[in-house]
Amino acid sequence: MNQHSFHLLCYGWIGVALASFALLLRVAAPYGRHHRRGWGPSINQRLGWVLMELPAVIAIAAFAWGGPLPWSKTTIAMLALWQLHYLNRALIFPLRIRSGGKRTPVAIIGSAIFFNVVNGFIQGRQLTYFGSPSDALLEPTFILGTALFLCGLAINLHADAVLRQLRGPGENNYAIPQGGLYRYVSCPNYLGELIEWSAWALLSRSLAGLTFTIWTAANLVPRALSHHRWYREQFAGYPKQRRALIPGLL
Ligand code: NDP
């Protein structure tokens, strides 16, 4: 695939992200608190996370493999950041969540696998077929991007840990999360994730990297708004100053 076709693929994929965004603003993806009947067969939530996210671990490496460019220091650093995120999401996060026997529709799992394979293709090919603009780990943009990514990851991990502690083993009730960035927003885990993949675009400095940022926002902005609305409906005393996703703004 030459660079022109690759860019066309990225633009097409951005188009699908924008269509998904419009849809998700109207229909909350039916898993977790938004799970409801009518979405076909479902499987154990924990297994669902492994099946959905493991393809991301494999796809980027598989599609980067055999590319014409040498694996530069920045390529290896970006792959390490990616795997740091996805090994947690695919293997550690599912083992630790307190799902209380909840289930996830197979339709959600199928669409997440499809997303992770296409996204893994785009990000993997960018790394070793089209390349990053620099091989310098100590270039200011790369240092800033790495710091931002790790900061987003720390926010995401902390926010997920706060949620985990709201339940005892076997429980699936909900409570109002407190502390850390929950003082300001309902979904700091999504905020952290959005920071991570915005940092990825900065590290990649490519249309491919930007594509992933747009997809992350297309998924997580509507979901944060749905969660926020849900909290306000469920808890009369929900903190009024708290926003959905971005402190003071959204
Ligand atoms: P949620 O915040 O909805 O849930 C995370 C976990 O915490 C679930 O086990 C959930 O249980 C539990 N939980 C949530 N709120 C409460 C509460 N108030 N009280 C008790 N338990 C609670 O996140 P998601 O499941 O949507 O996502 C999980 C991770 O995956 C996040 O870190 C997110 O950033 C990431 N993600 C990334 C996406 C992307 O596009 N890059 C897309 C979607 C998720 P239950 O499932 O029972 O609600």
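The values are calculated or read from the model by the stated rules, or taken from the named source; none is laboratory data. Nothing here was measured: the structure is a model prediction, and the numbers come from that model. Neighbour counts are summed over all protein chains in view; Cβ atoms, including those assigned to glycine, are modelled from backbone coordinates with ideal geometry. Only protein heavy atoms, including side chains, enter the accessible area calculation; ligands, DNA and RNA are left aside. Shrake-Rupley method; radii C 1.70, N 1.55, O 1.52, S 1.80 Å.
So what is the relative contact order of the chain, in percent, for Cα pairs below 8 Å that sit 6 or more residues apart?
Working: 337 pairs, mean separation 62.3, N = 250.
Over the chain, the number comes to 25 percent.
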Dividing the helical contributions, -39500 (n - 2.57) per DSSP H run of n ≥ 4, by the residues of the chain yields a 222 nm value, nearest 500 deg cm²/dmol, of -21000 deg cm²/dmol
The answer for segment 36-103, accessible area per residue at 1.4 Å probe in Å², is 53
Once Lys and Arg are counted +1 and Asp and Glu -1 for all other residues with Cβ under 13 Å from that of residue 77, the total becomes -1
Segment 134-250: relative contact order from alpha carbon pairs under 8 Å, six or more residues apart, as a whole percent, is 30
Sequence order, segment 177-189: Karplus ³J(HN,Hα) from phi using 6.51 cos²θ - 1.76 cosθ + 1.60, θ = phi - 60°, Hz rounded, Gly and Pro as x, gives x, 10, x, x, 6, 5, 4, 10, 9, 6, 10, x, 4
Taking R0 as 22 Å and r as the Cβ-Cβ distance between residue 73 and residue 14, the FRET efficiency 1/(1 + (r/R0)^6), rounded to the nearest 0.05, comes to 0.15
Residues meeting the amide H criterion for residue 243 (H placed from the backbone, H to H distance under 5 Å, 5 or more places apart or on another chain) are 185, 186, 248
For residue 103, other-chain or 5+-apart residues with amide H closer than 5 Å (H placed, Pro excluded) are 45
Taking protein heavy atoms only, a 1.4 Å probe, and rounding to whole percent, the accessible area of segment 1-87 owed to carbon and sulfur comes out at 70
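Kindly report the accessible area of segment 135-195 per residue (heavy atoms of protein chains, probe 1.4 Å, no ligands, DNA or RNA), in Å².
48
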Along segment 199-204, Karplus-curve 3J(HN,Hα) (6.51, -1.76, 1.60; θ = phi - 60°) to the nearest Hz, with x for Gly and Pro, reads 5, 4, 5, 5, 5, 7
Whole-Hz Karplus couplings 3J(HN,Hα) for segment 239-246, θ = phi - 60° and coefficients 6.51, -1.76, 1.60, Gly and Pro as x, run x, 5, 7, 6, 9, 7, 9, 10
Per the 1/(1 + (r/R0)^6) rule, R0 = 35 Å and r from the Cβ atoms of residue 37 and residue 3, FRET efficiency to 0.05 is 0.15
At the level of C-alpha centres, the distance separating segment 114-186 and segment 78-113, in angstrom, is 12
Correct semi-axes for the chain, from √(5λ) of the alpha-carbon gyration tensor and rounded to whole Å with the largest first, are 31, 20, 17
The farthest towards the positive end of the charge dipole of the chain, of the residues 66, 212, 174, given +1 on Cβ of Lys and Arg and -1 on Cβ of Asp and Glu, is 174
If the chain between residue 95 and residue 111 were fully extended at 0.36 nm per residue, the gain over the current Cα-Cα distance would be 3.6 nm
Here, residue 172 and residue 234, labelled 7 Å along Cα→Cβ, have an inter-label distance in nm of 1.2
Contact order relative to length for segment 1-140, counting C-alpha pairs under 8 Å separated by 6 or more residues, stands in percent at 40
Correct response: the longest run of the chain lacking exposed chymotrypsin sites (Phe, Trp or Tyr not before Pro), defined by DSSP loop and at most 12 other Cβ within 10 Å, is 66-234
